[in-house]
Amino acid sequence: MASAVLEEPRPGLFVFAAHLQYGHVARLWLEASAEPRAGTIGRHASVDLALPLDDALSLRHVLFVVRRHGGGVAYQAIDLETSSGIQLESGAAVRSAEASGPLILRASDFIFFCIPTGQPAPWNRDGGDPWATLRPRVVTRQSPRNLEARESVVGSLSVQTPFGERVCAFGVKALERGLLIGRAPRCDVVVPMQTVSRVHAVLLLLQDGLRVIDAGSTNGTWLTDEEVKIARVHEGDRFLLGEEAVLAWNTTKPALLHP
C-alpha cells in the first residue's frame, strides 16, 4: 500500500481492500478534480471494484465520491443500505462518512484502507512501525444508518414508469447522505422495473450542488441522451434508468441546492 501511495503524484484516493481471511486482495484509485469522481465497490461484475470473494458483501455495497477541496482531497463513503453496512474503527455503523485524510472502514469481512494521494504521506516514512505513526483518522461528517427526525422538503423526484407516475419529496439531510434509487425495497426511491438494478443510482447533494451517480448499474444511467457515471442535476432535469424509468428533479428551495 505504501509504495502505491508514494508513487502516485496526482491528487486522488486509494481504497485498498483487505479481507480478514485472504489479506490484501485489490485496490481502487479515484482521481480528485474540480468535478467529483465516483466509484462503487461490491460483488457485481459491473462495479468499479468487484470483490466476489465473500457472499456477505452486497452486489453493490459502498460508493466512494472524491473531489478536490482547497489544496487537498475530500471524499465521502456511502453505504448502499446493505445488511452488514459499513463501520468506522470505533465500530459505529454509519450510512455516510466524510474525510480528507486517511480512514479505515469495515464492510462484512473486508477492511477498506482509504488513503489520499498527491500529498505528503500520512505516516512517518522513517518510523520503525508505520502503523503507529499513521495520522489519526478523523471523520469530518457522518450520518447514522437511520434518519429519524422529519425535515422540511427542499425538492422532489418524479418517477415515471409504464405503470404510472409518483412523486417523492426529500430534505437536505437525506440528500447529503445520498438517496438510493433502484428496484430493491431497501432503496429510498423504489423503481420496480427489471431493467433497473437493485441499487441503480444515488442522488447526492455536495457543496456545489446536486449530482446523480450511477452505482455500477447493469443498464446505465442516462442524462439528456448521454450515459453518465456522475453528472450535475439542475431544476427540471430528466434522467433515464435502464430503458423505461424516467426521473425528473424539481427544486422547491433552489438557494439550498444550488449555492
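The values are calculated or read from the model by the stated rules, or taken from the named source; none is laboratory data. On a predicted model such as this, the values are computed, not experimentally measured, just so you know. As a convention, Cβ positions derive from the backbone with ideal geometry for all residues, glycine included, and neighbour counts pool all protein chains shown. With ligands, DNA and RNA removed, areas are computed over all heavy atoms of the protein, side chains included. Shrake-Rupley method; radii C 1.70, N 1.55, O 1.52, S 1.80 Å.
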For the chain, set up a Gaussian network in which alpha carbons nearer than 10 Å are linked by springs, and say which option among 110, 163, 64 fluctuates the most.
163
Taking the Cβ-Cβ separation of residue 156 and residue 194 as r and a Förster radius of 30 Å, what is the calculated FRET efficiency to the nearest 0.05?
0.75
Report D for the stretch 112-239 in µm² per second (integer): Stokes-Einstein, Kirkwood Rh on Cα pairs, 25 °C, 0.890 mPa s.
142 µm²/s
Output wanted: per-residue J couplings in Hz (rounded whole) for the stretch 36-48, from phi through Karplus 6.51 cos²θ - 1.76 cosθ + 1.60, θ = phi - 60°, x for Gly and Pro.
x, 10, 9, x, 10, 10, x, 8, 5, 5, 8, 7, 6
Could you look at the chain and say what percent of its accessible area is carbon and sulfur, using a 1.4 Å probe and all protein chains?
49 percent
Under a point spin-label approximation (7 Å from Cα along Cα-to-Cβ), what is the residue 229-residue 207 distance to one decimal in nm?
2.3 nm
Stretch gain in nm, segment residue 31-residue 129, where the contour uses 0.36 nm per residue and the Cα spacing is subtracted:
32.4 nm
Taking placed amide H atoms and a strict 5 Å upper bound, the residues 5 or more places from residue 140 or on another chain that come that close are 98, 99, 100
Label point at residue 163 placed 7 Å out along Cα→Cβ; residues across the stretch 177-199 whose backbone nitrogen lies under 20 Å
180-199
Round to the nearest 0.05 the FRET efficiency obtained for residue 6 and residue 138 when R0 = 22 Å and r is the Cβ-Cβ distance.
0.50
Would you grab the residues whose amide H sits under 5 Å from the one on residue 233? Only those 5+ places off in sequence or on another chain, please, with H modelled 1.01 Å from N.
210, 211, 212
To check you understand DSSP bridge types, tell me what percent of the beta bridges within the chain (both residues inside) are antiparallel, rounded to 5.
95 percent
Per-residue HN-Hα couplings for the stretch 234-250 [Karplus 6.51, -1.76, 1.60; θ = phi - 60°; Hz; x = Gly/Pro]:
10, 3, x, 4, 10, 10, 10, 9, x, 10, 10, 9, 10, 10, 10, 9, 10
Calculated mean projected area of the Cα convex hull in nm² (choose from (i) 12.3; (ii) 14.8; (iii) 14.0), label:
(iii)
Residues whose built amide H sits under 5 Å from the amide H of residue 215, excluding neighbours closer than 5 in sequence, are 201, 202
For the stretch 161-237, accessible area per residue (1.4 Å probe, heavy atoms of protein chains only), Å²
42 Å²
Through the Karplus equation 6.51 cos²θ - 1.76 cosθ + 1.60, θ set to phi - 60°, convert the phi angles of the stretch 217-225 into ³J(HN,Hα) values in whole Hz; use x for Gly and Pro.
6, 6, 10, x, 10, 10, 10, 6, 6
Just 208, 129, 48 to compare: in a GNM of the chain, with alpha carbon springs under 10 Å, which one fluctuates most?
129
Per residue, accessible area of the stretch 9-116 with a 1.4 Å probe, heavy atoms of protein chains only, in Å², comes to 35 Å²
